[in-house]
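The structure under discussion appears below in the form of structure tokens.
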């Protein structure tokens, strides 16, 4: 870990040696532990080790008894301490080392008096020579090991403390990054400058959006935007797509811009329900500036857009009409027209799968392409979704009529598609024109769809209402559709249509 050194190397060092250098303590010689002893060296050979060494293995090193001869420790220093010789009789007995023994040293001092001084001269601890009488003695090797172990223990504890401190610091940094606190919560001020384009992915969280903003230098940090979004419940309404923002905005200003539809408007493209392929191409031409001829060339070769296998006309040609699903799309900068049109087709396939279009069409004995065609007619004939199943029933009833009354569908919407004319009354010439899409002149369904239907129209074509209706008419003012099963009901519906300003 940086700054802490290698732990193994630190533990391999001699902490005692390092401790002596740093603390200034001298080596612990035997004299450090023994009390001052004014007696001359004990001549008894039994108390010494080989070569004049003490039992613990330490040399005399010149610590002669004469060194302390003049230190003021007179023989009679403890003469009046009140410790009578008899007081130790029970402690040490009458053996050769008993304090009551009459033995004398070379100077004629009583051994008992010397031992009394030895016992009390250093705080009451017995001297080395009392080890046999004391019962344990000083273990010089153990004491030396303890002396060496203490600095080593201190060094290990210091290393552990340092590592623990660094670990806590590191955890604090991680928590700071996760929570967005600390120095990572930097923020710009104001509404920013210039232009920055940001993509918000579908299903992105506030943190994912914050990363996009930071990477584009719209905001200064991730945590600043997360904090602003957490404080504003409206942030849940941010929609996926491309946004035109500014650089170096405050987090709150960036959030407000993402919630403003105007920020994403330049990158949005809407296919309304009932729009035709030609209308969609015109919209892309106006928005992207792509030449109309290039867009029409793509539409004439729609197989490259990933159409469903059943997206064909009755003659078997690939057909794009009906398969550009109505929705709001994001015009990602740099996308080509082929990529955009492909995304429209992909959305249709997704929605068709969600309602099991192919399976339900097969259950009704109808081709999937015919379901799309019927739905496209429903989309153009009525505006109210709840009326779709009834219109579907009228179409199915007329197609199934065997009386000869309805040889044709007679739907104005198909004739208008054939003429590219969607406003104003149709002329007799237009109504009688022999065009495959003119259901007033041609029996049965047109070759293909006449618009791009929404999901409600597709469901209506798959699930028509039950009834015997053969007629319907949408009122121009009340905006409702009247359905009729008999000629009388139809006459009444037509009278209301004309009364509301409808034209023949």
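Identify, from the list 461, 493, the residue that is outside the structural domain of residue 315 (by TED's automatic domain parsing), modelled with pLDDT of 90 or more and touching a helix residue (DSSP H, G or I) at 6+ places or on another chain (Cβ under 7 Å). Outline the logic, then answer.
Numbers: 493 fails: touching a helix residue (DSSP H, G or I) at 6+ places or on another chain (Cβ under 7 Å).
The match here is 461.
Please go through the range 227-253 and pick out each residue that is touching a residue at least 60 places away in the same chain (Cβ under 8 Å) and farther than 30 Å from residue 337 by Cβ. It would help to see each step written out before you state the result.
Taking the range 227-253 first, the residues touching a residue at least 60 places away in the same chain (Cβ under 8 Å) are 240-242, 248-251, 253.
Result: 248, 249, 250, 251, 253.
Go through 306, 334, 322 for me and flag whichever is over 19 Å from residue 450 (Cα atoms) and touching a helix residue (DSSP H, G or I) at 6+ places or on another chain (Cβ under 7 Å). Reasoning before the result, please.
On the way: 334 fails: touching a helix residue (DSSP H, G or I) at 6+ places or on another chain (Cβ under 7 Å); 322 fails: over 19 Å from residue 450 (Cα atoms).
None of the other options fit; the residue is 306.
Give the range 213-251 a look and list any residue that's more than 21 Å from the chain's Cα centre (by Cα), crowded, with 19+ Cβ neighbours inside 10 Å and outside any strand (DSSP E or B), or say none.
249, 250
Only helices (runs of 4 or more DSSP H) wholly contained in the range 300-388 count here; list those with 1 or more residues that are in contact with a strand residue (DSSP E or B) (Cβ under 7 Å, 6 or more places away or on another chain) and either without any contact (Cβ under 8 Å) to a residue 40 or more places away in the chain or surrounded by 21 or more Cβ atoms within 10 Å (Cβ to Cβ) (or both).
337-354, 368-381
What's the total number of residues in the range 434-473 that are touching a residue at least 60 places away in the same chain (Cβ under 8 Å) and either over 16 Å from residue 409 (Cα atoms) or part of a loop (DSSP other than H, G, I, E, B) (or both)? Before the answer, list the steps.
First, the residues of the range 434-473 that are touching a residue at least 60 places away in the same chain (Cβ under 8 Å): 445-472.
With either over 16 Å from residue 409 (Cα atoms) or part of a loop (DSSP other than H, G, I, E, B) (or both) added as a condition, the list becomes 445-460, 462-470.
Selection size over the range 434-473: 25.
Part of a loop (DSSP other than H, G, I, E, B), more than 30 Å from residue 314 (Cβ to Cβ), within 57 Å of the chain's Cα centre (by Cα) and modelled with pLDDT under 95: which single residue out of 503, 479 fits that description? Outline the logic, then answer.
Values: 503 fails: within 57 Å of the chain's Cα centre (by Cα).
Exactly one of 503, 479 is part of a loop (DSSP other than H, G, I, E, B), more than 30 Å from residue 314 (Cβ to Cβ), within 57 Å of the chain's Cα centre (by Cα) and modelled with pLDDT under 95, namely 479.
For the range 389-407, what are the residues that are touching a strand residue (DSSP E or B) at 6+ places or on another chain (Cβ under 8 Å) and under 27 Å from residue 277 (Cβ atoms)?
At the first step, the residues of the range 389-407 found to be touching a strand residue (DSSP E or B) at 6+ places or on another chain (Cβ under 8 Å) are 390-391, 394.
Selection gives 391, 394.
The values are calculated or read from the model by the stated rules, or taken from the named source; none is laboratory data. Just so you know, these numbers come straight off a predicted model, no measurement behind them. Virtual Cβ from ideal backbone geometry, glycine too; neighbours counted across all protein chains shown.
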